[in-house]
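Have a look at the structure below, then the notes.
Just so it is clear, none of the values below were taken in a lab; they were calculated from the coordinates. As the structure is a computational prediction, the values presented were derived from the model and not from experiment. Note that each Cβ is placed from the backbone with ideal geometry, even for glycine, and that neighbours are counted across all protein chains shown.
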């Protein structure tokens with residue numbers, strides 16, 4: 001797939017009504033502000049339902065682009081992003097963490113600094129802390145757990161990212 005194909009795909013997905021997503025792709029789930037669909041067995045698209053969804057897509061893209069490796073290593077990669085959609089690798093959530101509301105980070109990854117790193121991620125990027133520890137925010141790609149949902153921000157984060165979006169002409 002070359003850059004022209006990618007641009008065509010992004011334009012197509014960006015303009016596709018939610019009803020058409022439901023017809024063309026497998027629905028995987030939704031949060032308060034976004035719906036998630038499987039594009040294929042390897043990729044998902046997060047589609048903003050409203051302004052909050054646009055905000056969450058921007059936040060995930062911004063954090064993935066700007067986080068240092070020490071923090072980025074826990075994040076599911078953002079492969080493609082525009083205002084309405086965000087494309088990531090498809091992760092599987094395993095039953096052993098579905099039964100719990102919150103996860104024990106040390107059970108997910110081998111890094112001895114994971115608890116400190118995830119705390120730092122939340123502080124540095126103004127994230128809603130509880131979301132970083134809930135089971136549904138984590139998934140497995142190639143036998144490794146990654147944070148797959150990191151777009152919900154604290155009140156301070158709402159203000160910070162809204163300002164960044166305005167500066168970048170996205171609001």
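Assorted remarks:
- The slack in the chain from residue 154 to residue 4, taken as 0.36 nm per residue of separation less the alpha-carbon distance, amounts to 50.3 nm.
- Counting only alpha carbon atoms, the long axis of helix 114-124 and the longest principal axis of the chain meet at about 50°.
- Seen from all directions on average, the chain presents a Cα convex hull projection of 10.2 nm².
- Taking 13 Å as the cut-off, the amide N atoms of the stretch 43-65 that come nearer than this to a point 7 Å along the Cα-to-beta-carbon line of residue 171 belong to 51-59.
- Candidates 63, 32, 141, ranked by Gaussian network fluctuation over the chain, Cα under 10 Å, top entry: 32
- Computed from the Cβ-Cβ distance with R0 of 25 Å, the FRET efficiency linking residue 43 to residue 162 stands at 0.30.
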